[in-house]
């Protein structure tokens, strides 16, 4: 057995674990999928045990245990130097006093101390202290992006709220040299806190509902408030290496109306749509200027590869804007771009530094979590449902779509990251825009963006403008694309008001490819809807039992595992009889 096993973990928001060895990522999962508590924090004991079980080892067989949230309680020397320089600028311009600056720093010190001591106490309790390696937060984000990208070399940019007193960073990356730091932004200049505070000011929850702001932005006028945000918050509008002002519109942590009264006043005097559009315009403008600045300063040649990670890059509209930069050759968003990706990134960084692996480890599908059969009581409650053995999954699935059903698709190992990628998805036809309201009602959701489409590589060029076969982001639903007129006409339930969609494009390696491709070809369709299999504010379902619980609550019409189909016994809709009476060459019910 190889002794090169590396376990990555973290215990903050979106806690989880990942394990890799040599040329393979063995497992990666977020703790919420076990606890059923959205974005839960704390030592991810369930995730750690799952990862070890997948590897067939114990804690004591590991070579390293990596921790990528923070490397110390206090800022390192370069970060401290930058923050002191920024502090002088902030006070000189009379935006804030040193007491405010001190509170920002002290709050992060307290946060670092809490989480780091919890991790170190866990390591001591389990007698694995000598195996632990601390990895810089933004280096972890960057490593998770570059070492799974498949690129031989790239520039890497990260942005989020905070981590190691930084809110962003840039690196050059290559197989020969690994990650080489280029520049960073301190927490004082946090785009994550800016966007999060706008989210909060218009009535949503920061660190949870930023995607709603992105969706809402398409309904507003970006130029009404976007330039105003830029004027109020940027210290020098001509400097692409930006600095943010501290005032009553912005401060680098999540605050309420008492601390940001002018932002809340802006929110009261303008529509939510225009506030969202202005914030989105500001974010896109600043990030695109910064990326161009990094490319100018550190890039070589005419074309460039770019990898990104960090919570800011959950913003699919921003990612589309980046992808459309003519000077970028290949562009990759780490699929688990937020802090849930930290365990994998920190482990990949230590693996490369330790020379245990000098090759990239692409992740073609991100199905790195538990399988349906790998969790205790996985088939609990099956006796309450009609269960059919699927003989011809292609035609059975096509019939389910013909009947316009909401199908809970659960198969194989579940996805790692925030997107459902047809391992734990709800899928249904995309022709009727009313499905958005109907399904959102069943799932207790209120969304401003339509559901995402899923199609195959056979159809993608007919659906999305500027799509190409080597586009990695379309595999993981991490960017939007402008759609064709035909797609807009035939799949309106998946097209946003701005003429874009956030697709998943699956290829032959995906176990759902043949089934979906058969339906699209045989029924002359372009795509179907794919949305995550969960109700509002709950994690995506993990086990068969959680999927069947959702079925019993009428969240979906059927559960389909490719080889089995489940129907509620208590439901008497006509489609039940239709399915129960299907020819035995298609499905055999018990």
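Throughout, read-outs are computed from the coordinates displayed, never taken from laboratory work. What you are looking at is a predicted structure, and each value in this text was computed from that prediction instead of being measured. No Cβ is skipped: glycine too gets one built from the backbone with ideal geometry, and neighbour counts run over all protein chains shown.
Tell me, Kirkwood radius of segment 444-551 from alpha-carbon pair distances, in Å?
14.7 Å
Can you sort 67, 250 from fewest to most other Cβ atoms within 10 Å of each residue's own Cβ? Could you put the intermediate results ahead of the total?
On the way: 67 27, 250 23.
Neighbour counts put them in this order, fewest first: 250, 67.
What is the helix-to-structure angle for 272-298, meaning the angle in degrees between its Cα long axis and the longest Cα principal axis of the chain, kept from 0 to 90 and rounded to the nearest 10?
Taking the Cα atoms of the chain, the angle to 272-298 is about 70 degrees.
Take every DSSP beta bridge with both residues inside segment 382-589 and express the antiparallel ones as a percent of the total, to the nearest 5.
Numbers: 25 of 31 bridges.
Beta bridges within segment 382-589, antiparallel portion: roughly 80 percent.
How long is the gain from residue 230 to residue 58 if the chain were fully straight, where each residue apart is worth 0.36 nm and the alpha carbon distance is subtracted?
Numbers: separation 172, 0.36 × 172 = 61.92 nm, distance 5.20 nm.
This chain segment gains 56.7 nm when fully extended.
Of the DSSP beta bridges with both residues in the chain, give the percent that are antiparallel, rounding to the nearest 5.
On the way: 55 of 77 bridges.
Roughly 70 percent of the beta bridges in the chain run antiparallel, per DSSP.
From Cα coordinates alone, what are the radius of gyration and Dmax values for segment 329-371 in angstrom?
11.9, 36
Which stretch or stretches of segment 212-242 have amide N atoms under 19 Å from the point lying 7 Å from residue 465's Cα along the Cα→Cβ direction?
Within reach of a label on residue 465: 218-220, 222.
Which of the peptides 325-334, 207-216 is most tightly packed, and how do the rest follow, judged by the mean count of other Cβ atoms within 10 Å per residue?
Working: 325-334: 19.1, 207-216: 21.0.
Listed from highest to lowest mean packing, they are 207-216, 325-334.
Sum -39500 (n - 2.57) across every DSSP H segment of at least 4 residues in the chain, then divide by the residue count to get the 222 nm mean residue ellipticity, nearest 500.
On the way: 20 runs with 215 residues, N = 590.
Result for the chain, helices only: -11000 deg cm²/dmol.
Nearest 0.05, what FRET efficiency do residue 259 and residue 584 give at R0 = 56 Å with Cβ-Cβ as r? Could the numbers behind the result be given before it?
On the way: r = 67 Å, r/R0 = 1.19.
The formula returns an efficiency of 0.25 here.
Quick check on segment 7-74: what are the equivalent-ellipsoid semi-axes from the Cα gyration tensor, as sqrt(5λ), descending, whole Å?
On the way: eigenvalues 75, 51, 18 Å².
Working from the Cα gyration tensor, I get semi-axes of 19, 16, 9 Å.
Okay, which of segment 171-199 sit inside 18 Å, backbone N to the point 7 Å along the Cα-Cβ direction of residue 100?
186-198
So for 296, 470, 241, fewest C-beta neighbours within 10 Å to most, what's the order? Please report the intermediate quantities before stating the final value.
Values: 296 10, 470 7, 241 13.
Least to most surrounded, the residues fall as 470, 296, 241.
When a footprinting reagent is the concern and you count Cβ atoms within 10 Å, what order do 47, 140 take, fewest first? Display every interim value, and only then the final one.
Numbers: 47 29, 140 33.
Ordered from fewest to most neighbouring Cβ atoms within 10 Å, 47, 140 come out as 47, 140.
So for the pair residue 183, residue 205, with labels modelled 7 Å out along Cα→Cβ, what separation do we get in nm?
3.6 nm
Please work out, to two decimal places, the log10 of the ratio I(q)/I(0) at q = 0.05, 0.08, 0.09, 0.10 Å⁻¹ from a Debye calculation in which every Cα of the chain carries one identical scatterer.
-0.21, -0.55, -0.70, -0.86
Based on alpha-carbon centroids, what's the gap between segment 176-213 and segment 409-430 in Å, whole number please?
27 Å
How far, in degrees from 0 to 90, does helix 45-55 lean away from the longest principal axis of the Cα atoms of the chain, to the nearest 10?
70 degrees
Enter the angle in degrees (range 0 to 90, nearest 10) between the Cα long axis of helix 513-522 and the first principal axis of the Cα atoms of the chain, meaning the one along which they spread out most.
60 degrees
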